[in-house]
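> The structure is given below, and queries will be raised subsequently.
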Amino acid sequence: MVQDTRLIEIKDVCKSFGDTEVLHHINLYIRKCEFVTLLGPSGCGKTTLLRLLGGFETPTSGQILFDGADVAQVPPYKRRINTVFQKYALFSHLNVYDNIAFGLNLKNPEALGAKSRSEKKEEIRRRVERMLKLVKMEGFEKRSVDSLSGGQQQRIAIARALVNEPEVLLLDEPLGALDLKLRKEMQVELKSMQQQLGITFVYVTHDQEEALTMSDNVAVMNHGRILQIGEPKKIYDEPKSAFVADFIGESNIIPGVMLEDDLVEMLGVKFPCVDEGFGENEPVDVVVRPEDVMIVGTDVGMLTGTVESVIFKGVHYEMMIDIGPMRWKVHSTTMQPAGSRVGLTVVPYNIHIMRKEA
Amino acid sequence: MKRQWYAAPYALWMLLFTLVPLLFVAYYAFTDGSGGFSTDNILRIFQPGYLPVLLDSLRLSLYCTLICLLIGYPTAYFLASRDFSENKMLVVLILLPMWMNFLLRTYAMMTILENNGLINMLLEKLGLDKVQFIGTEGAVLLGMVYNFLPFMVLPVYTALKKLDARVIEAAEDLGANPLRVITRVIVPQSIPGVISGVTMVFMPAVTTFAITRLLSNGMIYLMGDMIEEFFITVNNRNAGSALSLVMLALVLISTLLLRLVNPDTREGRA
């Protein structure tokens, strides 16, 4: 379970490479046993933030506290953190067993609760075997890592990091190279490993679905800034900006004007909503999820449009509907043939109002 | 035209200038002056006066390989390190001597070491005694190392350059301090480069001939010199061919031995 103690605190961290600032004043805390995901498009700074935690980069300014102590200048090999690298970075000169045992071999016998070298060896063997069992790779000890498939290499990379019993595990897009089915399986397995072992996970991905599935908390990043931090459901239901709304799930983003509390005008139509506290006639972005648009008869719809295209997506149909000034993406379990006229309506609590991004 | 025919010019070249001469060498090695079959020339290597020359050749070429490794590895490491990877000029400087004929390089070395050479002129100017370099084993070794060093640097440099920065980071991440990163990851992963460097230095070193004559005035006499003498001076093709064949066998055996220790060619590896 996520505990209340703050294990890692990132305070006002900036990072520049030469003249380009890739992280702007990042503030974030990570609690013990929490699964935190840094989510954003490529180039948003999420990997750089992870590398700062791992000790592979040092912040240009700001503090990174680990259990209250500043670790900004502590080299990676002295941190109680391990990393699963994007392309696994396994040691090709060592077999599976020696890859996993690499970190343990570097430790003193005492650190492993052993009194002699032979006891240490025995303890390492026990731990490596337990790890191989955890990642379901028993019997692969003597195999060369080059002979493994992507999914298997991935498991070895996870085992190699976890065997050291780190307080924090950093994962840099660890499932990026796997096919969809394997990726879904590994998502479930990673989450259950994290809960089983009680280790804090910091996970980097650009896949919003992955982030929503596994995380306790998600930090959405863009252009070196954290735009929103929160529980997956909260971020999905109440995105703070049009970018977050668009990045987390699909969205129709419509320019509108807030007429008064609980009333917004978009596409020339007044929609009742549940948002308050905006200025009168303040221009806003209105976000409507495709699954929140209801298709009704043309006589009762708040808007009317023509179905442009229909794609079968398995559970639902995805329709592009031309409503004059723009097109809306609509998800529905009932199909309307292309070319047909439909009415569209949205209930007030499914309308999300965003302040215009500066 | 089928694609394999594109290799025809090379195949013809190999046939004419490698395979056919090799057959001649083998023929002369196993015959005596009158053309009858004989193993005398091959067994000559075990006669007194021959074995010491062979051992000297082996000893000097091993020294040369070792010195090249000791100088070449750190040089390659330095060149491949991230701080200098931008600086292609340094790599070019290392490789520059390779582009010149080795005889020219050796003559250059000779003019430096000679009794009236650069170093001794300098010593004289300073009022010091001249030093006899030419004729010493050190001078020959210097010439060999000077000639063959780039052949060590280049393969090791290539191997180190291929090393993934993430793999080094992974080692640091797992608790390896900078020294451990070198001993447990960088060196083991560069072994294939070291092996090919050792091969490329040892092979030409063990058959060296002109370097010895230029830098020792014939005082140091190695297998290469002996073979040359049999062919050119003594005009005994049979003995020269036999000794060449012995050297060829030696080179083949050492290649095979090196293959055994090379993790890249061991069984179970792609």
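The values are calculated or read from the model by the stated rules, or taken from the named source; none is laboratory data. This is a predicted model, so every value here is computed, not measured. Neighbour counts run over all protein chains shown; Cβ positions are idealised from the backbone, glycine included.
> Please count how many residues of the range A:185-220 are over 11 Å from the mean Cα position of the chain (by Cα) and of a type in the set (Val, Ile, Thr).
Result for the range A:185-220: 3.
> Please list, ordered by first then second residue, the pairs with beta carbon atoms under 7 Å, 6 or more apart or interchain, first in the range A:219-237 and assigned by TED's automatic domain parsing to the domain that holds A:Leu50, second aromatic (Phe, Trp, Tyr).
Pairs found: A:Val220/A:Phe247; A:Asn222/A:Phe243; A:Leu227/A:Phe243.
> Can you name the condition, by its number, that B:Ser85 falls short on among (1) under 22 Å from B:Val156 (Cα atoms); (2) modelled with pLDDT of 85 or more?
Going through (1) under 22 Å from B:Val156 (Cα atoms); (2) modelled with pLDDT of 85 or more one by one, B:Ser85 breaks only (2).
> I'm checking my understanding of the structure. Among residues of the range A:24-67 that are free of Cβ contacts under 8 Å to residues at least 24 places away in the same chain and over 24 Å from A:Leu175 (Cα atoms), which one is farthest from the other protein chains (Cβ to nearest Cβ)?
Selected residue: A:Tyr29.
> So which residues in the range A:68-87 are buried (at least 23 other Cβ atoms within 10 Å of the Cβ) and more than 8 Å from every other protein chain (Cβ to nearest Cβ)?
The one that is buried (at least 23 other Cβ atoms within 10 Å of the Cβ) and more than 8 Å from every other protein chain (Cβ to nearest Cβ): A:Val84.
> Determine, yes or no, whether A:Val257 is out of contact with any Ser or Thr (no Cβ under 8 Å at 6 or more places or on another chain), touching a residue at least 40 places away in the same chain (Cβ under 8 Å), more than 14 Å from A:Ser332 (Cα to Cα) and surrounded by 14 or more Cβ atoms within 10 Å (Cβ to Cβ).
Here the answer is no, as A:Val257 does not meet what is asked.
> Also: Being in contact (Cβ under 8 Å) with a residue 40 or more places away in the chain, surrounded by fewer than 20 Cβ atoms within 10 Å (Cβ to Cβ) and on the phi < 0 side of the Ramachandran plot: is that true of B:Val201 here?
In short, no.
> Can you name the number of the only condition in (1) of a type outside the set (D, E, K, R); (2) out of contact with any Lys or Arg (no Cβ under 8 Å at 6 or more places or on another chain); (3) at pLDDT below 90 that A:Ser147 fails?
Condition (3) is where A:Ser147 drops out.
> Kindly provide the set of residues from the range B:113-143 that are crowded, with 16+ Cβ neighbours inside 10 Å and in a helix (DSSP H, G or I), ordered by number.
Matches in the range B:113-143: B:Leu113, B:Asn120, B:Glu137, B:Ala139, B:Val140, B:Leu141, B:Leu142, B:Gly143.
> Can I ask one more? Mind listing just one residue for me: the one in the range A:176-204 that is in contact with a strand residue (DSSP E or B) (Cβ under 6 Å, 6 or more places away or on another chain) and either of a type in the set (A, V, I, L, M) or not in a helix (DSSP H, G or I) (or both) and, of those, surrounded by the most Cβ atoms within 10 Å (Cβ to Cβ)?
It comes out as A:Tyr203.
> If you go through the range B:1-26, how many residues are more than 30 Å from B:Val198 (Cβ to Cβ), of a type outside the set (A, V, I, L, M) and out of contact with any helix residue (DSSP H, G or I) (no Cβ under 8 Å at 6 or more places or on another chain)?
Summing the residues that are more than 30 Å from B:Val198 (Cβ to Cβ), of a type outside the set (A, V, I, L, M) and out of contact with any helix residue (DSSP H, G or I) (no Cβ under 8 Å at 6 or more places or on another chain) in the range B:1-26 gives 6.
> Scan the range A:44-67 for residues that are surrounded by fewer than 17 Cβ atoms within 10 Å (Cβ to Cβ) and either touching a Ser or Thr at 6+ places or on another chain (Cβ under 9 Å) or assigned to a strand (DSSP E or B) (or both) and jot them down.
A:Thr60, A:Ser61, A:Gln63, A:Leu65, A:Asp67
> Right, next: Search the range A:107-125 for residues being exposed (fewer than 11 other Cβ atoms within 10 Å of the Cβ) and of a type in the set (Lys, Arg), and hand back the single one that is farthest from the other protein chains (Cβ to nearest Cβ).
Restricting to residues being exposed (fewer than 11 other Cβ atoms within 10 Å of the Cβ) and of a type in the set (Lys, Arg), the top hit is A:Lys115.
> While we're looking at this one, here's another question. For the structure I just gave you, tell me whether A:Glu173 is more than 16 Å from A:Phe85 (Cβ to Cβ), in contact (Cβ under 8 Å) with a residue 60 or more places away in the chain and either assigned by TED's automatic domain parsing to the domain that holds A:Leu50 or within 18 Å of the chain's Cα centre (by Cα) (or both).
So A:Glu173 does not fit the description; no.
> Sticking with this one: Among the residues of the range A:146-175, which ones are surrounded by 18 or more Cβ atoms within 10 Å (Cβ to Cβ), within 11 Å of chain B (Cβ to nearest Cβ) and either in a helix (DSSP H, G or I) or touching a Gly at 6+ places or on another chain (Cβ under 7 Å) (or both)?
A:Ala157, A:Arg160, A:Ala161, A:Val163, A:Asn164, A:Leu170, listed by residue number.
> Could you list, in sequence order, all residues of the range A:88-106 that are free of Cβ contacts under 8 Å to residues at least 24 places away in the same chain and more than 7 Å from chain B (Cβ to nearest Cβ)?
Those that are free of Cβ contacts under 8 Å to residues at least 24 places away in the same chain and more than 7 Å from chain B (Cβ to nearest Cβ): A:Asp98, A:Asn105.
> Give the residue that is modelled with the lowest pLDDT, with candidates limited to residues of the range B:52-68 that are of a type outside the set (Gly, Ala, Ser) and in contact with a Phe, Trp or Tyr (Cβ under 7 Å, 6 or more places away or on another chain).
Among them, the one singled out is B:Val53.
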